[in-house]
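Reviewing the structure listed below.
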Amino acid sequence: ETAMGPGGALEAFIEARERGLVRYLGVTGHGVTVAQMHLQSLERFDFDSVLLPYNPTMMANPRYAADFEALLAVCRERNVAVQTIKALARGPWGDKPQTTNTWYEPFTAQADIDRAVHWVLSRPGVFLNTAGDKDLLPKILDAASRFDPATQQADVAAEMAGVAMAPLFT
């Protein structure tokens, strides 16, 4: 409410776009309620993009999956870009030592990264943002370069069924 209300950040962003300082405006978020929150944001303003988590563990949450599908439908209808994050999320670090520049434990083996990246890329209407780690970036780009557009998400999901993953958000 504060960001989108009078005198809020959105007004400053709109002014920046009107002055030619930025071209596109998007809204980002995390957590299991973010897809629903993005729907509410799109009711209030015509954002150019939304950014939110998208991976098998998030989509295993029935509420999140339903909200994600509703958001994707609205975004397709309104030509809003859907940026996805957390594709490589294996789960929370927990007590494990943090070995990458991500706040969650990512997949690090190329085969797991391939499956995670291909799972996202097999979904029409979304695109993949990379993880924020310089050592993971080449592996993500490698996986993306080998993606076959004929890949079906259900096939990749079956391959991922045996990979240990835990939700980042509950």
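No value in this document is a laboratory result; all are computed from the given coordinates. Fair warning: this is a prediction, and the values are worked out from it, not measured in the lab. FYI the Cβ positions are ideal-geometry reconstructions off the backbone, even for glycines, and counts take in every protein chain you see.
Quick rundown of the values:
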item: Trypsin sites (Lys or Arg not before Pro) restricted to DSSP loop in the stretch 1-30 with at most 11 other C-beta within 10 Å; result: 19, 23
item: The chain: relative contact order in percent, alpha carbon pairs under 8 Å with at least 6 residues between; result: 20
item: Cα centroid of the stretch 124-148 to Cα centroid of the stretch 1-44, whole Å; result: 26
item: Mean Cβ count within 10 Å, highest first, over the residues of peptides 30-39, 123-132; result: 30-39, 123-132
item: Expected 222 nm ellipticity per residue - DSSP helices of 4 or more, -39500 (n - 2.57), all of the chain, to 500; result: -12500 deg cm²/dmol
item: D (Stokes-Einstein, µm²/s), Kirkwood Cα radius, the chain, 1.002 mPa s at 20 °C; result: 125
